[in-house]
1. Calculated FRET efficiency, LYS138 and GLU292, Cβ-Cβ r, R0 35 Å, to nearest 0.05?
2. Taking the alpha carbon gyration tensor of region 33-298, what are the square roots of 5 times its eigenvalues, largest first, to the nearest whole Å?
3. Counting other beta carbons within 10 Å of each residue's own, what order do TYR86, TYR270 fall into, fewest first?
4. Sort 56-64, 134-142, 74-82, 119-127 for me by packing, meaning the mean count of neighbouring Cβ atoms within 10 Å per residue, highest on top.
5. Report the Cα centroid-to-centroid distance between region 45-65 and region 173-215 in angstrom, as an integer.
6. By average Cβ neighbour count within 10 Å, what is the ranking of 282-291, 103-112 from highest down?
7. Rank ILE175, THR118, HIS187 by how far each Cα sits towards the positive end of the charge dipole of region 114-219 (+1 on Lys, Arg Cβ; -1 on Asp, Glu Cβ) and give me just the farthest.
8. Return the subset of LYS38/LYS59; LYS38/LYS298; LYS59/LYS120; LYS115/LYS195; LYS69/LYS120 for which the Cα-Cα distance in this structure is over 28 Å, preserving the input order.
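A short reminder: the numbers here are calculations on the coordinates, not readings from a lab. These figures come from a predicted structure and were not determined experimentally. Using ideal geometry, Cβ is built from the backbone for each residue, glycine included, and neighbour counts are taken over all protein chains shown.
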Amino acid sequence: MPIIPFGSLVDDETSLEDLLASLLSDQEGILSTDSALKPSRQRSTVELLQAIRGISSRKDLRLCGLNWKCGSGIFCPRCTPRLNGYLIPAVAQAVREAHFSAFATFNIAHRPGDKLLTLKGAMSAGWTQTTSGADWSKLREKHGVSGWVRAWDFTYSEWAGWNPHIPVIFTFEKIPDLTEFRQEISHRWVHGLRKSGHDALAVRQYVRERYGTPDQLARYLLHNDPMRHTPERNGMVAPSSTIGDILGAMADAVQDGDIDAPAIRLWREYEGALFRQHAVTPSQSVRPALTEARRRAKNGWQGQRVTASGTHR
Ligand SMILES: [Zn+2]
């Protein structure tokens, strides 16, 4: 059993799960099965786009980089960093303007073999249940919730299957009782999931005061991008794979001509489940700022589309 330095490894809930997974997998000897989902090396945007072209079922993604920009903030190794360049400052500004803000994550019970589309559908419906209706209005008023913006975070491991999280930034117009708010919203979340036949543990939903600067928080909210890899920490590789890991491993498999590789199957499942999904979903109060950020990003792209140098990056 390796000695795991807690302070360096556990910096968010996902890492806590990774820690648990590493302990389990170390005992059961299944850690090696996940190495197929870690890329052999860091690849350039062009290499990743070429791999996507070989296997993607999405035409806009296959064409991205060929004098075309797909504009996806959740699949595309080329467009995601550009879109984030506009979205992150807009989210950070909403945090800066709020009297108080909190960071939350919501999860769902899952097991190997669960379809990502099913889990994601249940979570989307659960979120709508959580943040609508008369009881939500009462809860908002009681704690002074002025808005929220949510994103997605997905990891995958052999031992747990797809592990989706919804990271959320809540903004408040007064200082809330966070303990009470956490209990009440966790209860609503669990109740919302049950309506679609799914489950979660109320104690595993997190809400806490924000940490870091508004920019760091906004960056953290949007960290599920296809360029993000799990870092190796103190010589230990996390046993779950990020979308970036899966994309990189998929590129390895395409290069090797291994069309049956798990990474290819997982990337296709991810594409199918996240079709037309925006990187962030805001509440009504935050929406205008994010719509404006997306508009500016789009204008920037259109301006570059006519230049030949903008086609292969
Ligand atoms: Zn693109």
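1. It comes out at approximately 0.70.
2. Calculated on Cα positions only, the semi-axes equal 32, 21, 16 Å.
3. TYR86, TYR270
4. 74-82, 119-127, 56-64, 134-142
5. Cα centres, region 45-65 to region 173-215: 37 Å.
6. The most tightly packed comes first, giving 103-112, 282-291.
7. My answer, from the dipole projection, is THR118.
8. Flagged as over cut-off: LYS38/LYS298.
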